[in-house]
Amino acid sequence: MFELLPGTGLALPRQAGVLHFGMPERQAQWAVATLADVRGTWVCQAGWAFTACYEGLELFASGDHTDRLGRADHDRHGFAAVELRRCEAVPGGPSAVPVVLRDVDLFGYPAGEVLAALVQDPHPAVRLAPAPSPAGYLPAVLLSADRPAPATGS
C-alpha cells in the first residue's frame with residue numbers, strides 16, 4: 001500500500017521505506033528502485049524527476065523545484081512532489097495496490113464514495129484528479145511538500 005503523508009512524504013509498499021520531503025534524488029530513487037525500475041524524466045521547474053511503474057500505478061517523483069515567480073524563499077530543495085497515476089486511461093475498478101490518505105483508499109472505491117469518506121478537502125498539499133463521474137474511479141493523486149514558511153525579519 002502507498003500511504004500519502006501530507007507534510008512528510010509518501011510511504012511505499014512492501015516496507016520499502018518513506019520518500020521524505022527534502023530527501024536527495026539518489027536516496028529517493030534507491031527506495032523506489034526496491035519496488036520497480038526507475039527511469040529519469042522531465043518536469044517543468046524541477047531540477048530532477050523520475051518515474052516508475054508498480055502493479056498498474058505510475059509514480060512520478062520530482063525535486064529541487066524552483067518557484068515560477070523567482071522567489072527563492074519558495075524554492076523546494078530535495079524531494080518535493082509525487083503523483084500516483086492509474087495506468088488505465090479510464091479506471092474501471094479498484095487499483096491492485098491501495099493508495100491511502102487518512103485511512104481512505106483513494107483508488108479502491110468510486111470517486112463519490114471516496115470524497116464522502118474524506119468529509120472535508122483532503123489536505124492543501126493533496127490534489128485529486130477528477131473522475132469521469134461520481135461512479136467512476138479517481139485516475140490520479142498529487143502530493144506536494146508544503147510551502148516553506150515565509151522568512152521573518154530580525
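The values are calculated or read from the model by the stated rules, or taken from the named source; none is laboratory data. As the structure is a prediction and not an experimental result, all values here were calculated from the model. Heads up, the Cβs are rebuilt from the backbone with ideal geometry, glycines too, and the neighbour counts pull from every protein chain shown.
Details
- Within region 12-22, restricting attention to residues that are on the phi < 0 side of the Ramachandran plot and surrounded by fewer than 18 Cβ atoms within 10 Å (Cβ to Cβ), the residue that is modelled with the lowest pLDDT is Ala16.
- In this structure, Ala116 qualifies as surrounded by fewer than 17 Cβ atoms within 10 Å (Cβ to Cβ), at pLDDT below 95 and of a type outside the set (Phe, Trp, Tyr).
- Counting only residues that are under 27 Å from Ala80 (Cβ atoms) and in contact with a strand residue (DSSP E or B) (Cβ under 9 Å, 6 or more places away or on another chain), region 107-123 holds 8 of them.
- Of residues in region 74-95 being of a type in the set (Gly, Ala, Ser) and exposed (fewer than 13 other Cβ atoms within 10 Å of the Cβ), the one farthest from Ala135 (Cα to Cα): Ala89
- Among the residues of region 116-136, the ones that are free of Cβ contacts under 8 Å to residues at least 12 places away in the same chain and either aliphatic (A, V, I, L, M) or closer than 18 Å to Leu12 by Cα (or both) come to 2 in all.
- Among (1) in a loop (DSSP other than H, G, I, E, B); (2) at pLDDT 90 or above; (3) loosely packed, with under 13 Cβ neighbours inside 10 Å - the single one Ser133 does not satisfy: (2)
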